[in-house]
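Notes to accompany the following structure.
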Amino acid sequence: MLRLPRYIVYDIIRNKVIIAYTLFLFISAFSMFRMEENGSRAMLSLLNIVLIVLPLVSLMFTTIHYYNSYEFIELMLSQPLSRTRIFLSEYLSVALSLLGAFWIGIGIPVLLFSPDASGFALLFTGSALTLVFTSIAFLAAVRSKDKARGIGIALLLWFYFALIYDGIVLLILFAFSDYPMEKFTLLLSSLNPIDLGRIFIMLQMDVSALMGYTGALYRDFFGSVTGLLFTGGIMVLWIFIPLLLALRSFKKKDM
Amino acid sequence: MIRINYINKKFRKAQVLEDITADFDCGQVIALIGPNGSGKTTLIKTILGMVKPDSGTVEVKGKLINADPHYRNDIGYMPQIGRYPDNMKVGQLFTMMKAIRQVDDSRIDNDLFLKFNIPSILEKPMRTLSGGTRQKVSAALAFLFDPPILILDEPTAGLDPLSSEILKEKILLEKSKNKLILITSHILSDLEELTTHVLYLQEGKIQFFKELEVLQEETGEIKLNKAIARIMKGQLPDSDWGEQLLLVNKDGKIL
């Protein structure tokens, strides 16, 4: 099963983008921990990298990789290999390369400087977000034959999840501020993996004490085992639903 | 060995293949000919499972092709434009293909691999190869596993005369081993030494599928290009392609 991914990962490493990405993550994480006296402030800065840069790089890298591998996929299709196997090999290779970059770039500094609950929450969220956005990017790329369109859709999705979604949530909260919205916001946050990740990490940090009544409610929920299972479960759904949809399109596609 | 039943395929609105039905047996060398855009490559890709037909079925060795990808173990495919991963070295490409097919070393057919002098370029990355060299790599790969079915899409286009001659000799040798060989080409003079049958496609429909001798008898022409031009003139007086063919023939060349 791992024969194909070996060659694909080799090809990915050879094109050096992934190495530059690893170095970028490592240098920024390392310098943040060095510059900030307080470990938890460094974690906050790292949190922003994980929530903004990670999804963007995962989306862009994956879509561009897919279009560049088109020939390779064609070649594999003429061999005695099933489409499911070819697709999952591609996913596995890209996901493992991006995860590797994350674990080396952010994982090592975090384990060195801040190996506590919030550190592990950050690593968990970062890994989950990498997988989620790799799945979403595969879906966008498989569905659109045109390269520019696929990359455009991936970018729009990033804008949506990283920026626009928060605006919409704020708007809803503002419009219905007279009603009790705590449970509803919990639901809203699970519709965006980035939001979910942010809340999950924030509540492992000391700053959550400053967040008032909603914060207390969230803390009750996300601090418990149910909260951990809930976050994990929603992330798993976010990984597998786009992935399975992409696989379904890939199996029907004409090459 | 290959049975095609009522294949229909539309790309958006264009009908690319219409009610294609044919039976190919071992020992036959079938020339697939027809103007550009007549559906030759689509037909080949349908047999390989790269294009999924809207309706109709393809059987290879009595088995429907969508059930199990292993039928492609029996097929060697040489694409029209061989495109490979940029960073992969020629040597790696061959090791990878051998790893995928898992064929005994004794069954490997190194004939073209050696005659095209591929051992001398094993260390070169695929992106640095010229178009003709890529064709040689594609040809060597198609014949490497000694498959009972060979599908060659424009095999001699882009090859220098010497390599083209080597490839033709190889095709003749395989023909004598009672294999089924499907060839598309616009260079009819190349085909007439090789083929036993001619399948003529136009606008996605089979115009005729005949033995070469029958065709020669019916038209009274020995040369394949003249025979086909005659048929096309008789059947479809408006066909420009037949006209052009006759014009080009006077110079003794086919474009």
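Each reported figure results from applying straightforward, stated rules to the coordinates on display, with no laboratory input. None of these values were measured; they are calculated from a predicted model. As a convention, Cβ positions derive from the backbone with ideal geometry for all residues, glycine included, and neighbour counts pool all protein chains shown.
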Checklist entry - For A:77-89, what's the mean count of beta carbons from other chains sitting within 10 Å of each residue's beta carbon? => result 5
Checklist entry - Against the longest principal axis of chain B, how steep is helix B:240-250, in degrees 0 to 90 to the nearest 10, with axes from Cα atoms? => result 80 degrees
Checklist entry - Say each of B:Ser120 and B:Thr21 gets a label point 7 Å from the Cα, pointing the same way as Cα to Cβ; how far apart are those two points in nm? => result 5.2 nm
Checklist outcome for this item: Partner shielding of B:41-53, as the mean number of partner chain Cβ atoms within 10 Å, equals 3
Checklist entry - So what is the 222 nm mean residue ellipticity for chain B from helices alone, if each DSSP H run of at least 4 adds -39500 (n - 2.57) and you divide by all residues, rounding to the nearest 500 deg cm²/dmol? => result -10500 deg cm²/dmol
Next on the checklist: Can you give me the long-range amide H partners of B:Phe208? Hydrogens built in the peptide plane at 1.01 Å from N, cutoff under 5 Å, separation of 5 or more residues or another chain.
Outcome noted: B:Tyr200
Checklist outcome for this item: In deg cm²/dmol, rounded to the nearest 500, the helical mean residue ellipticity at 222 nm of chain A, built from -39500 (n - 2.57) for every DSSP H run of length 4 or more, is -25500 deg cm²/dmol
Next on the checklist: What does the structure give for B:91-103 when I average, per residue, the other chain Cβ atoms found within 10 Å of the residue Cβ?
Outcome noted: 3
Checklist entry - To the nearest µm²/s, what D does Stokes-Einstein give for the protein assembly as shown at 25 °C and 0.890 mPa s, using the Kirkwood radius over alpha carbon pairs as Rh? => result 93 µm²/s
Checklist entry - What angle do you read, to the nearest 10 degrees and between 0 and 90, between the alpha-carbon axis of helix B:90-101 and the longest principal axis of chain B? => result 80 degrees
Checklist entry - Can you give me the pair-distance distribution of segment A:1-113, C-alpha pairs, 10 Å bins, whole percents? => result 13, 40, 25, 15, 6, 1
Next on the checklist: Can you list residues from other chains, or at least 5 along the same chain, whose modelled amide H is less than 5 Å from the amide H of B:Tyr77?
Outcome noted: B:Ile151
Checklist entry - So what's the gap between the Cα centers of segment B:144-189 and segment B:48-98, to the nearest angstrom? => result 17 Å
Item to check | Cα gyration tensor of segment B:2-250 - equivalent ellipsoid semi-axes, whole Å, descending | outcome: 30, 22, 17
Checklist entry - For the charge dipole of chain A, defined by +1 on Lys and Arg C-beta atoms and -1 on Asp and Glu C-beta atoms about the Cα centroid, which residue among A:Leu171, A:Met60, A:Met255 has the Cα displaced farthest towards the positive pole? => result A:Met255
Checklist entry - Using the scaling law 2.2 N^0.38 Å as the reference, what is the normalised Cα Rg of segment A:3-252? => result 1.07
Checklist entry - With labels modelled as points extended 7 Å from the Cα through the Cβ direction, what inter-label distance (nm, one decimal) is found for A:Leu163 paired with B:Glu165? => result 6.5 nm
Checklist outcome for this item: As a percent rounded to 5, the proportion of antiparallel DSSP bridges among beta bridges in chain B is 55 percent
Next on the checklist: Cβ neighbours within 10 Å, averaged per peptide: list A:2-10, B:106-114, A:60-68 in order, most packed at the top.
Outcome noted: A:60-68, A:2-10, B:106-114
Checklist entry - Cross-link partners among lysines for A:Lys145, C-alpha distance below 21 Å, same-chain residues fewer than 8 apart left out? => result A:Lys251, A:Lys252, A:Lys253, B:Lys9, B:Lys10, B:Lys13, B:Lys45, B:Lys52
Checklist entry - So, in Å, what gap is there between the alpha-carbon centers of segment A:96-163 and segment A:25-56? => result 15 Å
Checklist entry - Taking 0.36 nm per residue of separation and subtracting the Cα-Cα distance, what length does fully extending A:Lys147 through A:Arg3 add? => result 49.1 nm
Checklist entry - Between segment A:1-15 and segment B:102-133, what is the C-alpha centre distance in whole Å? => result 20 Å
Item to check | Bins of 10 Å, starting at 0 and running to the largest distance - Cα pair percent for segment B:23-98 | outcome: 14, 41, 33, 12, 0
Checklist outcome for this item: Within the protein assembly as shown, the percent of DSSP beta bridges that are antiparallel, given to the nearest 5, stands at 55 percent
Item to check | Separation in nanometres of the label points that stand 7 Å from Cα toward Cβ, at B:Thr196 and A:Tyr179 | outcome: 7.7 nm
Checklist outcome for this item: Binned at 5 Å starting from 0, the alpha-carbon pair-distance distribution of segment A:59-202 in whole percents comes out as 2, 9, 15, 16, 16, 14, 12, 9, 5, 2, 1, 0, 0
Checklist entry - Sorted by mean Cβ packing within 10 Å, highest first, what order do the peptides B:91-102, A:168-179 take? => result B:91-102, A:168-179
Item to check | With Cα atoms, 0 to 90° folded angle of helix B:224-235 axis to chain B main axis | outcome: 40 degrees
Checklist entry - Among all the lysines, which ones have a C-alpha under 22 Å from B:Lys233's C-alpha, if same-chain residues fewer than 8 places away are not counted? => result B:Lys40, B:Lys205, B:Lys210, B:Lys223, B:Lys250, B:Lys253
Item to check | Proximal lysines relative to B:Lys89, as straight alpha-carbon distance under 21 Å, when same-chain residues fewer than 8 apart are discounted | outcome: A:Lys16, B:Lys98, B:Lys115, B:Lys124, B:Lys136
Item to check | Modelled label reach - A:Leu217, point 7 Å along Cα→Cβ, segment A:164-178 residues with backbone N closer than 20 Å | outcome: A:166-178
